[in-house]
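Reading through the structure tokens given below for one structure.
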Amino acid sequence: MRYAVESWAPEYGIAADPDQMETATEPAVIDVEYPADQWRPLTPAPDEGPSKVVFVDGVRRIDARVWIADGELARQGVCASVAAGAVTCTTNHATLTTASVSRGVFAAASDAADDIETRYGDYRFVACTGDAPEDFYLGIHQRMTDLEKGLVVGDDADLVVFDGPLRGRADPRAVGYVKTQHVQYLPDELQGLLGRLDAGQRTPIFALSSWGMTLYSWYLRLPVAPSHALAGIVRCEVPAVASVADTIAAADRLTALLPRYASEPHKDGRAPQNLYPIAGLERELRRRLGDQYLLERALRLAALN
């Protein structure tokens, strides 16, 4: 039996699983850069890269699960903390430039639901669409996305790389960096091209629709030991606001740039996809979330008042 052990640490799930990948609801437009019968691995020319790149990411954590008294009923909810921030990278430096933390009570809309005040900060009530666990998780994720969108990242940045899909961001500098592959956008006859990419190579550009906007996208492989066909594969997406020629140039620059920031397995459990600036930002944001045990204790004390 031939098999490969996923290099990502088990607590993070896996970077890509062909057996669990969903097919996109709308087919991608393949012939943006090349027609389907001319698709092949593309190697961009060496590039010095942009002088200033901003990486944006967010983290979230459930601090406590709660029951909200509503007359004779008890409705469930969660208290969670979220944070978002940005790291600016120049040739020789990486600097945390902005960060924001928010805490909330996530529960279904009810007259009984309200803010919770604690000695370590207030949890603002956030109405969710229902009281199922997935409703809470969606509400937490949306709050984190809102924090990311509200960050001021500076007008002098050449690129703004968001960890994850763009989710409606239309800034021409914005790049969505998708390190986990759950959706298959390419037809089966082209999907196999991903396994033939060498480190630093990309696929041709294709177009897709998401969040009511058109995006240009491509796959690339980061430096990694090729244990399986999708090892080190990430997908980038940009708003379809520039010409195809300009987008091709941007794709080449990004494909040449991102391997410089790729992490290594002995330093990161999600190597190489969890880029070093993003990993460092995540660690700092989690620190700013505060001590979970102290926050849970503060919530228990507030419940006694």
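Considering only 192, 85, 77, the mean-square fluctuation computed in a Gaussian network model of the chain, springs between alpha carbons under 10 angstrom, is largest for 192. In terms of its alpha-carbon gyration tensor, the range 69-108 comes out prolate; a/c meets the 1.5 threshold, and the first ratio a/b outweighs b/c. Structure remark: mean-square fluctuation, Gaussian network model of the chain, C-alpha springs under 10 Å; the largest value among 51, 243, 227 belongs to 243. Just how far, in whole angstrom, is the range 71-140 from the range 232-305 if you go by their alpha carbon centroids? Going from one Cα centre to the other spans 19 Å.
Think of the chain as having a plus end and a minus end, set by charges on the Cβ of Lys, Arg, Asp and Glu; of 258, 81, 279, 279 sits farthest toward the positive end of this dipole. Among 33-40, 195-202, the peptide with the highest mean count of other Cβ atoms within 10 Å heads the list, and the full ranking is 195-202, 33-40. In the range 205-305, if the dipole is taken from +1 on Lys/Arg beta carbons and -1 on Asp/Glu beta carbons about the Cα centre, which of 220, 206, 290 is farthest to the positive end? Checked the options; the winner is 290.
Computed about its Cα centre, the charge dipole of the range 151-193 is approximately 160 debye, with only Lys, Arg, Asp and Glu carrying charge at their Cβ. A cut-off of 5 Å between modelled amide H atoms, ignoring neighbours fewer than 5 places along the same chain, links residue 108 with 128.
Cβ crowding within 10 Å ranks 178, 105 as 178, 105, fewest other Cβ atoms first. For the chain, a crude dipole built from +1 on the beta carbon of Lys and Arg and -1 on the beta carbon of Asp and Glu, taken about the Cα centre, is about 860 debye to the nearest 20. Computed about its Cα centre, the charge dipole of the range 175-305 is approximately 460 debye, with only Lys, Arg, Asp and Glu carrying charge at their Cβ. Remark: the Cα gyration tensor places the range 138-201 in the oblate category, a/c being 1.5 or greater and a/b not exceeding b/c.
From the Cα gyration tensor of the range 74-198, with a ≥ b ≥ c the square roots of its eigenvalues, which class applies: rounded if a/c is under 1.5, or else prolate if a/b is larger than b/c, or else oblate? Taking the square roots of the gyration eigenvalues as a ≥ b ≥ c, the range 74-198 is oblate.
In this structure, residue 294 and residue 267 have a Cβ-Cβ separation that, at R0 = 30 Å, corresponds to a calculated FRET efficiency of about 0.55. For residue 118, the amide hydrogen comes within under 5 Å of the amide hydrogens of 123, counting only partners 5 or more places away or on other chains and with H modelled in the peptide plane. Considering only alpha-carbon pairs that sit under 8 angstrom and 6 or more positions apart, the relative contact order computed for the chain is 24 percent.
Using a Gaussian network model of the chain with C-alpha springs under 10 Å, which one of 80, 225, 207 is most mobile by mean-square fluctuation? Result for the chain, Cα springs under 10 Å: 225 fluctuates most. In the set (1) 68, 42, 42; (2) 59, 46, 34; (3) 54, 53, 37, the label that goes with Cα extents along the principal axes in Å computed for this structure is (1).
Here, each number is a calculation from the coordinates, and none is a lab measurement. Computed from a prediction, not measured in an experiment: that's the story for all the values here. As a convention, Cβ positions derive from the backbone with ideal geometry for all residues, glycine included, and neighbour counts pool all protein chains shown.
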